[in-house]
Amino acid sequence: MGVLLAAAGGPGWCYLLIVILGTVPTLIMSGYAIRALLVVRRSGIGVRQALQQYRPEFAVYYAARYGAGYQLGMWLPYFERLNRRFIVITRHSTTVPEITRLTSAPVVVPKIKSAHGRLWHLVVDSMKAAFYVQNHAANVDMLRFNKLTHIWLNHGDSDKAANYSARHSDFDKIFVPGQQGVDRYAAHGVRIRPEQFAIVGRPQIDRIETRDIPPPAEAPRTVLYAPTWHGGRPSTNYSSLPLGSEIVDALLARRITVIFRPHPHTYTDPQQTGIARDIQRRLEADRKASGRQHVFGRAAEGDWDIPACVNHCDALITDVSSVASDFLATGKPMAIVAIQQKGAAFRKAIPIARVAYVIEPDLSTLHEALDELLGPDSLAAARREYRRYCLGDALGPEAANGFFAEVERILDSAAPQKTSSNGTSKPRQRTA
């Protein structure tokens, strides 16, 4: 506007008017900004005071935007059963509605999300430990508080790379179900001090029924097909879902009842959603034609959880995922679809595949695997031996006892937090 006025030879008072028009809104907006900063600070202080009165003993920290339903959901019931006060800290307010449906514990969001914010108003003196279920780089913000015992849980146990990340060396404790969880790091060249590990069993198998004796040969069979998520990039893609229609057709041709439960993230991807819907349509058509009561859609993904699906089947077809590890508790046969490698290379890279019937990515071994899965099950004894190595000794209702005992030990032995002169816990530098 000034350039135009100058070109037109406008009077000087016009320039003053331009300055006033620009300055007044700037002053108004500056006032709102200052007011907002004061509100944020008062809110942070108020939250801190409320937490100091509540006196939580630990926090569960969640830094991701998505996946809280199954990643936090598999652990929160066990935190509740500890009967200790805790909070859930989530970095993203969009996750709050989902998390509050999963727990009665307070769910809080940091007002300042940067590392400089340091979560100062949420880490109170009564807090002794922090648990992590998701392998997110932003975990480093919470890891800075050196008076907390930082415990890595993950949201499942499998041979995926997320289960042996070098980032885990920054945690004070790494909870693993069995010795397999310890050996997995060493096998991939990740150095973890022995004292960082705690073998606690796998709490999530406490509702999974063990059935080491197979059903009669002539009995009808039900197979659970549970493909994993494709991971978002080729290096983390273990999903057999693109092969799922052919796998399900092979089961239907053998008059098998199918439970179909894809990974929860499947429906965030249009292509994956289309494949899942196609499998569901095939199952619906076969149900109408044969009368077999296939379970899929809301029945398999909402009404039933993973333990329920597992308890209602006689065998499993899955990918490299925690579903395979948890299924070991049943004693039932399982097949794993190879995606990243083939043949001997797959069995070398994925130890659990050595006690499963492998379906090659070209499906050349599909019928051979189904013959074993639904018939003699020649790997039964090896699978039971591997079960102890992977999951520990505790099965059934006692499966969570090791987890409870170790958490109680950490909370009871933790020293009270020391605070800095401004009343906040002193953070430490971490490299996660």
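The values are calculated or read from the model by the stated rules, or taken from the named source; none is laboratory data. Bear in mind the structure is a predicted one, so any value in this text is a computation, not a measurement. Methodologically, a virtual Cβ is constructed for each residue, glycine included, from the backbone with ideal geometry; neighbour enumeration extends over all protein chains shown.
Listed by first and then second residue, the pairs linking a residue in segment 138-154 that is small (G, A, S) to a residue that is surrounded by 23 or more Cβ atoms within 10 Å (Cβ to Cβ), with Cβ atoms under 7 Å apart and 6 or more places separating them unless they lie on different chains, form an empty list. Residue check: is Y132 of a type in the set (F, W, Y) and in contact (Cβ under 8 Å) with a residue 40 or more places away in the chain? So Y132 passes the test. Quick one: A115 ticks every box in (1) surrounded by fewer than 20 Cβ atoms within 10 Å (Cβ to Cβ); (2) within 21 Å of T149 (Cα to Cα); (3) aliphatic (A, V, I, L, M); (4) at pLDDT 95 or above bar one, so which box is it? The number of the failed condition is (4). Scanning segment 253-284 for residues that are free of Cβ contacts under 8 Å to residues at least 12 places away in the same chain and within 21 Å of the chain's Cα centre (by Cα) yields a total of 2. Taken over segment 281-314, the residue count meeting the criterion of being farther than 19 Å from H263 by Cβ and among the hydrophobic types (A, V, I, L, M, F, W, C) is 2.
When every residue of segment 171-179 is checked against the conditions, none turns out to be in contact with a Ser or Thr (Cβ under 9 Å, 6 or more places away or on another chain), in contact (Cβ under 8 Å) with a residue 40 or more places away in the chain and part of a helix (DSSP H, G or I).
Which of (1) within 25 Å of A36 (Cβ to Cβ); (2) surrounded by fewer than 19 Cβ atoms within 10 Å (Cβ to Cβ); (3) touching a helix residue (DSSP H, G or I) at 6+ places or on another chain (Cβ under 8 Å) does V124 not meet, given it meets every other one? Here V124 meets the rest and fails (2). As for segment 189-200, it holds no residue that is among the polar types (S, T, N, Q) and either surrounded by 21 or more Cβ atoms within 10 Å (Cβ to Cβ) or under 21 Å from A308 (Cβ atoms) (or both). Scanning segment 177-200 for residues that are touching a helix residue (DSSP H, G or I) at 6+ places or on another chain (Cβ under 6 Å) and either closer than 17 Å to M142 by Cβ or not hydroxyl-bearing (S, T, Y) (or both) gives P177, G178, Q179, Q180, R184, H188, V190, I192, F197, A198, V200. On inspection, F79 qualifies as without any contact (Cβ under 8 Å) to a residue 60 or more places away in the chain and either surrounded by 12 or more Cβ atoms within 10 Å (Cβ to Cβ) or closer than 30 Å to A399 by Cα (or both). Please find, within segment 214-257, the residue that is surrounded by the fewest Cβ atoms within 10 Å (Cβ to Cβ) out of those that are farther than 14 Å from P361 by Cα and of a type in the set (S, T, Y). Top of the filtered list is S235. Only residues that are surrounded by fewer than 17 Cβ atoms within 10 Å (Cβ to Cβ), part of a helix (DSSP H, G or I) and not hydrophobic (A, V, I, L, M, F, W, C) were counted across segment 288-306, and they come to 5.
Remark: pairs (first residue in segment 43-62, of a type in the set (A, V, I, L, M); second residue assigned to a helix (DSSP H, G or I) and crowded, with 18+ Cβ neighbours inside 10 Å; Cβ separation under 8 Å; 6+ apart in sequence or on different chains) = A59/M142; V60/L76; V60/F79. Residues considered: R277, R347, R281. Of these, the only one that is basic (K, R) and either assigned to a loop (DSSP other than H, G, I, E, B) or closer than 22 Å to Y70 by Cβ (or both) is R277.
The lone criterion from (1) farther than 30 Å from N401 by Cβ; (2) in a strand (DSSP E or B) left unmet by L21 is number (2). Selection of segment 176-209 for residues being of a type in the set (V, I, T) and farther than 17 Å from P77 by Cβ yields V176, V182, V190, I192, I199. Among the residues of segment 125-161, those that are β-branched (V, I, T) and modelled with pLDDT of 95 or more comprise V133, T149, I151.
Within segment 203-232, residues that are within 19 Å of Q272 (Cβ to Cβ) have Cβ atoms under 7 Å from residues that are of a type in the set (F, W, Y) and in a strand (DSSP E or B) in these pairs: Y225/F260, counting only partners at least 6 apart in sequence or on another chain.
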